[in-house]
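The values are calculated or read from the model by the stated rules, or taken from the named source; none is laboratory data. Just so we're clear, the structure is a prediction, and the values are computed from it rather than from any experiment. Glycine gets a Cβ as well: all are built from the backbone with ideal geometry, and neighbour counts include every protein chain shown. What goes into the accessible areas is simple: the full protein's heavy atoms, side chains included, and nothing from ligands, DNA or RNA. Shrake-Rupley method; radii C 1.70, N 1.55, O 1.52, S 1.80 Å.
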Amino acid sequence: MVSPVTVVKSEGPKLVPFFKATCVYFVLWLPTSSPSWFSALIKCLPIFCLWVFLLAHGFSFLGAHSSARKILAGLIFSALGDAFLIWQEQGYFVHGLLMFAITHILYSSAFGMKPLNMRAGLVIAAVSSLSYMLLYPYLSGPFTYLVAVYIALIGFMAWRAVAGLQLANDLWTWTKLSACLGAVLFMVSDLTIAVNKFCFPVPHSRAIIMATYYAAQMLIALSAVECQDVEVARKRT
């Protein structure tokens, strides 16, 4: 397994723009009541920086590893989803939902189907079912099934991320842990969005949503670079 110190030294500098862009978002804290292209840019900027983070590993790396390409594609659709959600009160919420649904499909494909880990799948299915049961009384019209489909997709993505983390067998790497934590934080972020939108106001909802969302995307982006770091470690040993 690659040392955490090696990870910080090799990946930390590439993530500096992401951290700066995230700070800009929270410092400016532009009001959501006045959507604009500028506020969309500020919201999407940290995700753009994660594009750059993956591209900084080289086109040859992306060409050789389909999982990294899929995560990059997922980040592109995420940015589109973020932009649509800026104008959610103007009728673009479903468009954002669709973009993030595609993101979860891409992330699920990147994480793969091995190992299967049915126990993790059952736990995630139970959490997803409870989440939908909480939301169901407040849903109406097309959201009754749209939210169900979305929860199924993000739950499946989380299952595939968590399944790769086999702590009991010591078959894990820092990137698998990163994917696992990222998926769980993504679920927390989206559940907060849903409860705040459909059920009742969540105190400090925007801060919770965006902090967990940006952390989730960073961790998932980090999970794409395992192959390169393994090669670096091999060259040094």
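See the values below:
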item: Residue match in the range 134-147 (condition: free of Cβ contacts under 8 Å to residues at least 40 places away in the same chain, small (Gly, Ala, Ser) and in a helix (DSSP H, G or I)); result: no
item: The range 26-51 - residue that is in contact (Cβ under 8 Å) with a residue 40 or more places away in the chain and assigned to a helix (DSSP H, G or I) and, of those, most open to solvent (accessible area, probe 1.4 Å); result: Phe26
item: Any pair with Cβ under 6 angstrom, 6 or more apart, that starts in the range 170-198 at a residue that is among the β-branched types (Val, Ile, Thr) and assigned to a helix (DSSP H, G or I) and ends at one that is modelled with pLDDT of 95 or more and open to solvent by 60 Å² or more (accessible area, probe 1.4 Å); result: Thr192/Ile208
item: Criterion violated by Lys235 - all others in (1) under 18 Å from His104 (Cβ atoms); (2) open to solvent by 60 Å² or more (accessible area, probe 1.4 Å); (3) modelled with pLDDT under 95 satisfied; result: (1)
item: Members of the range 212-230 found to be under 27 Å from Val27 (Cβ atoms) and either acidic (Asp, Glu) or in contact (Cβ under 8 Å) with a residue 40 or more places away in the chain (or both), listed by number; result: Tyr214, Gln217, Met218, Leu219, Ile220, Ala221, Leu222
item: Residue list for the range 9-66, restricted to those being hydrophobic (A, V, I, L, M, F, W, C) and on the phi > 0 side of the Ramachandran plot; result: Trp29
item: Every pair of residues 6+ apart whose Cβ atoms lie under 9 Å, when the first sits in the range 2-25 and is modelled with pLDDT under 95 and of a type in the set (D, E, K, R) while the second is part of a helix (DSSP H, G or I) and open to solvent by 30 Å² or more (accessible area, probe 1.4 Å); result: Lys14/Val52
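So that you can scan it fast, the table gives a plain yes or no per residue for (1) open to solvent by 30 Å² or more (accessible area, probe 1.4 Å); (2) touching a Ser or Thr at 6+ places or on another chain (Cβ under 7 Å); (3) closer than 24 Å to Ala148 by Cβ:
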position	(1), (2), (3)
Leu54	no, no, no
Phe61	no, no, no
Leu80	yes, no, yes
Gln90	yes, no, no
Phe100	no, yes, yes
Ser109	yes, no, yes
